[in-house]
Amino acid sequence: MTKHIKYRAAKYLLPFILLLFFGFLACEDFVEVDTPNHLLSGENLFNDTKTVEAAMVGIYAQLRNSFLLTGTSQGLSNLMGLYTDEMDYYGNSPIREASFYRNNLLASDETGAEIWNASYNQIYASNAIIEGVTNSSSFTAEEKAHFTGEAKFIRALLHFYLVNLFGEVPYINTTNYLENQIASRQPLEEVYASVITDLEVAIYQLPEEDVSGEHVRPDKRTAKALLARVYLYMQNWELAAMLSEDVISNTVWEADPQSVFLKECQGTIWQFMPEFEESNTLEAQTFIFQTAPPPVRALSSHLISAFEAGDLRKELWVGEVSDGGDSYYYSAKYKLLPGETGNAEYSKVLRLAEQYLIRAEARARMGDIAGAQADINKIRARAGLANTTATSESELLKAILHERRVELFTEHGHRFFDLKRTNQLDETLSTIKPGWNTTDRLLPIPEKELLVNPNLQPQNPGY
């Protein structure tokens, strides 16, 4: 049986596993969960590799289908695109997206609470795997290392997004509900330290190559790619450059921009497989529209005007719909809708282009002008553009931010995080987003969480 078939076969255990992992998490707040009396914390789950494999696939299914990294309208690709200057909102009804577009989120809003709860529920499931496998005598040392490394990668990934969305958050590393229900928010440096520790362990424990054969399970390179991003955000330029260099050296560059979002793309580091073999990505369903004006959302004129003349990314990764007078644009990185020939496209989570841009920024910050130029030019050449004209650190940093904007648009909130970490949110958004306030750099801590656990106080400023 091939690795691909084995991975697909795990879906038949998913109803069972998801019942164990997420059934008891159906309540609104994970800290309210009573002591689990399911197989999740017992011997029956942690004595068989197939069951734990299916548990991991269940976590990936949750990541793909709900909040943060999902390609649906609930995900950061959509919500933070509306929150910044990537997309405009055209819906008439006051659906949740409108609050993000108008930057008038409230602590009582359901979406913020759902992002928080879904993330911590997935963290809880990851902790259950770590604890269960570690305490089981049914697995070899190699199997324990693989499963715990994978779960710690997911735990680090989720906390990384939470700390960048909400600011100080609890770093949950146990299934002990008594501890979790009184968890306190931790300083940013402590959260980042825990993220780094988990990723370092994951790098040591994960296999050299992804076991699925399709880049849908993390391996050492996946953890290194995320850690490179973490160090970039922390302004540790040397380590960011070193880790991105490692990833670049062990990944094949895809020179054809038409192939970047296909499932076989050589430059893919980690991606989500669609739920069914005959289905395609959730991103295509969310972003593609066929009537004008758009029914819900479209790429903003600010983003469209950012593309240089001749940029193949605009030609190939942006779709256009016209009503005969006005034109509207959508993200066409993924092109196959349900029912169309599939599944040729998988949802990208980490890809090589970001690593070149990480290394370019780190090199520029360290004074390696030629190195930064070479990395930028790698990205631009694939887009059919001439080499950068930037020759100083400040010019290069501006050029890198531009390339990140037109390369990584509608991919898990990169634009928001880039403007935030470079302190350009106010400068960029205050003149084009009437509802923008400085305090919008953080989302509100869900009101219900503050009521249930006073240790999460105080609320973020502005809410």
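The values are calculated or read from the model by the stated rules, or taken from the named source; none is laboratory data. Only a predicted model underlies this, so the values are computations on that prediction, with no experimental measurement involved. Backbone-built Cβ (ideal geometry, glycine too); neighbour counts: all protein chains shown.
A few points about this structure:
- Candidate set: segment 226-248, residues that are more than 22 Å from ASN127 (Cα to Cα) and in contact with a strand residue (DSSP E or B) (Cβ under 9 Å, 6 or more places away or on another chain); chosen: the one surrounded by the fewest Cβ atoms within 10 Å (Cβ to Cβ): ARG229
- Selected residue (criterion: nearest to the chain's Cα centre (by Cα)) from residues of segment 106-129 that are of a type in the set (Asp, Glu) and either closer than 15 Å to PRO170 by Cβ or part of a helix (DSSP H, G or I) (or both): GLU114
- All positions within segment 135-149 that are among the β-branched types (Val, Ile, Thr) and in contact (Cβ under 8 Å) with a residue 24 or more places away in the chain: THR148
- Any chance GLU411 is in a loop (DSSP other than H, G, I, E, B), charged (D, E, K, R) and touching a residue at least 24 places away in the same chain (Cβ under 8 Å): yes
- Test: residue in segment 436-451 that is surrounded by fewer than 17 Cβ atoms within 10 Å (Cβ to Cβ), modelled with pLDDT under 95 and over 25 Å from the mean Cα position of the chain (by Cα): no
For (1) at pLDDT 95 or above; (2) more than 28 Å from ARG415 (Cβ to Cβ), each residue gets a yes or a no:
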{"position": "SER41", "(1), (2)": "no, yes"}
{"position": "ASP48", "(1), (2)": "no, yes"}
{"position": "LEU63", "(1), (2)": "yes, no"}
{"position": "SER77", "(1), (2)": "yes, no"}
{"position": "ASP85", "(1), (2)": "yes, no"}
{"position": "PRO94", "(1), (2)": "no, no"}
{"position": "ILE123", "(1), (2)": "yes, no"}
{"position": "ASN127", "(1), (2)": "yes, yes"}
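- Positions within segment 248-304 being within 23 Å of ASP375 (Cα to Cα) and touching a Leu at 6+ places or on another chain (Cβ under 6 Å), in sequence order: THR251, PRO257, GLN258, GLY267, ILE269, TRP270
- Taken as a whole, segment 381-391 holds at least one residue that is closer than 24 Å to GLY71 by Cβ, modelled with pLDDT of 95 or more, in a loop (DSSP other than H, G, I, E, B) and in the same structural domain as ARG221 (by TED's automatic domain parsing).
Rundown of residues vs (1) over 21 Å from the mean Cα position of the chain (by Cα); (2) more than 21 Å from ARG405 (Cβ to Cβ); (3) among the charged types (D, E, K, R); (4) crowded, with 20+ Cβ neighbours inside 10 Å, yes/no style:
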position: GLN258; (1), (2), (3), (4): yes, no, no, no
position: GLN271; (1), (2), (3), (4): no, yes, no, yes
position: ALA298; (1), (2), (3), (4): no, no, no, yes
position: GLU308; (1), (2), (3), (4): yes, no, yes, no
position: ASP311; (1), (2), (3), (4): yes, no, yes, no
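- Some residue of segment 275-298 being under 14 Å from GLU411 (Cα atoms) and hydroxyl-bearing (Ser, Thr, Tyr): yes
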